[in-house]
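Data block below; observations after.
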Amino acid sequence: MNINQNQTIGETVAQDYRTASVFQSHGIDFCCKGGRTISEVCENKQLKADVLLQELHSATATSEATAADYRTWPLDLLADYVEKKHHRYVTAKLPELTQYLSKLCKVHGERHPELIEIRDEFAHVSNELTSHMQKEEMILFPFVRKLATEKHPGLPPFGTVENPIRMMMEEHTVEGDRLAKISELSNQYTAPEDGCTTYRVAFAMLREFEEDLHLHIHLENNIMFPRAIELEKHLAN
């Protein structure tokens, strides 16, 4: 795999998802902020570009790919996959995690006041993601499927697919930032020494939730959305 410092992070991860672990190890957001180049993030993070590039090349050379090449999937299939796998995952985990965090606050909130803030931040995540996914499933994804399956999909009520995509990407950034704050408040999901089993389970679930959301947003921001925009322009010609 040819990787250079002028590529965006999103392009790099879209080409090979194994590179995501390298960016994550340096605290680099590859999903919500995937439009930055490798050179830009190295400058911001004070990393040596040649060292990061070597790590990226090593990640793609020393292990088998664990993720499908989603770039080759039909666009309607990709929309179905995101909805059925990632949207359903979020829908199932939101009430479960909300219950865990509420319990933690009752038992440990006095000794660990950061739990109150984590609970409140996650409540915002829950409300906003629920609304966000409804907009995607009812408005954006149906039109993406039309683009993929019809030669003349017609004009959508929102003018162009770029308009809802822009809104969805802005919302991705907000929720990604909220999860990053939760990670910071929880010491990267590390339970304290006096944390009970529920404490450790809740933090493990939060970590898994954030990791799933990263892949979820990556598939939309870096693969589905650019292809939808390109396809709409192609069909208009």
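Among the small types (Gly, Ala, Ser) and surrounded by fewer than 16 Cβ atoms within 10 Å (Cβ to Cβ): does that describe ALA236?
Numbers: among the small types (Gly, Ala, Ser): yes; surrounded by fewer than 16 Cβ atoms within 10 Å (Cβ to Cβ): yes.
Judged against the criteria, ALA236 is a match.
When segment 25-43 is filtered for residues that are closer than 24 Å to THR72 by Cβ and either at pLDDT 85 or above or assigned by TED's automatic domain parsing to the domain that holds GLY176 (or both), the ones remaining, listed by number, are PHE30, GLY34, GLY35, ILE38.
Filtering segment 193-204 to residues that are surrounded by fewer than 16 Cβ atoms within 10 Å (Cβ to Cβ) and either polar (S, T, N, Q) or in contact (Cβ under 8 Å) with a residue 40 or more places away in the chain (or both) leaves ASP194, CYS196, THR197, THR198, VAL201. So is ARG88 under 28 Å from LEU231 (Cβ atoms) and outside the structural domain of PRO142 (by TED's automatic domain parsing) or not? No: the conditions fail for ARG88. When segment 161-191 is limited to residues that are surrounded by fewer than 15 Cβ atoms within 10 Å (Cβ to Cβ) and part of a loop (DSSP other than H, G, I, E, B), the one that is nearest to the chain's Cα centre (by Cα) turns out to be GLN188. Per the conditions (1) surrounded by fewer than 20 Cβ atoms within 10 Å (Cβ to Cβ); (2) over 12 Å from the mean Cα position of the chain (by Cα), the sole criterion not satisfied by GLU211 is (2).
Look at segment 47-62: where a residue is of a type in the set (Val, Ile, Thr) and a partner is buried (at least 16 other Cβ atoms within 10 Å of the Cβ), sitting 6+ places away or on another chain with Cβ atoms under 6 Å, you get THR60/ASP16; THR60/ARG18.
Being closer than 19 Å to GLU11 by Cα, in a helix (DSSP H, G or I), in contact (Cβ under 8 Å) with a residue 24 or more places away in the chain and not acidic (Asp, Glu) narrows it down to one of PHE209, PHE225, so name that one. Explain how you work it out, then say what you get.
Numbers: PHE209 fails: closer than 19 Å to GLU11 by Cα.
Within the list PHE209, PHE225, the selection yields PHE225.
The values are calculated or read from the model by the stated rules, or taken from the named source; none is laboratory data. Quick caveat: nothing in here was measured; it's all calculated off a predicted structure. Neighbour counts run over all protein chains shown; Cβ positions are idealised from the backbone, glycine included.
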